[in-house]
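Asker: Structure incoming, see below.
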């Protein structure tokens, strides 16, 4: 997986895009239990990924690609909710390697950042 093409979006940038009604596919890469515990972004789809690339299975990759959809030009934002989490990086690399053009990572800067987007 190559790292080129990965962009980051801040909480305020993501909120602004959502407020403007921009069409964005938001994908949580967290396991369902963590999504439930911490809350998902409004409208986010779920494509759980492992913590490391070593643990990645073909089924994980296939599920992510299915959730992302066939349109490789649409804007996709992946997140896992906190800075040290690698799940969104793994997912972003997969999508870029598969030819998706507008892939962005959202780190939420911290859990409070994620909660601000949900609450605003």
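Asker: So which residues in the stretch 6-51 are modelled with pLDDT of 90 or more, loosely packed, with under 12 Cβ neighbours inside 10 Å and either closer than 18 Å to residue 72 by Cα or in contact with a helix residue (DSSP H, G or I) (Cβ under 8 Å, 6 or more places away or on another chain) (or both), if there are any at all?
Answerer: Within the stretch 6-51, 22, 23 meet the criteria.
Asker: Go through the stretch 62-90 residue by residue and tally those that are free of Cβ contacts under 8 Å to residues at least 12 places away in the same chain and either in contact with a helix residue (DSSP H, G or I) (Cβ under 8 Å, 6 or more places away or on another chain) or under 11 Å from residue 27 (Cα atoms) (or both).
Answerer: Number satisfying all stated conditions: 0.
Asker: Go through 3, 70 for me and flag whichever is at pLDDT 90 or above and either exposed (fewer than 15 other Cβ atoms within 10 Å of the Cβ) or in a strand (DSSP E or B) (or both).
Answerer: 70
Asker: Within the stretch 6-23, can you find the residues that are under 23 Å from residue 90 (Cα atoms) and free of Cβ contacts under 8 Å to residues at least 24 places away in the same chain?
Answerer: If the condition is that a residue be under 23 Å from residue 90 (Cα atoms) and free of Cβ contacts under 8 Å to residues at least 24 places away in the same chain, then 13 is the only one that fits.
The values are calculated or read from the model by the stated rules, or taken from the named source; none is laboratory data. This structure is a prediction, so every number in the text was calculated from the model and none was measured. Don't worry about glycine lacking a Cβ; one is built from the backbone with ideal geometry, like all the others, and counts go over all protein chains shown.
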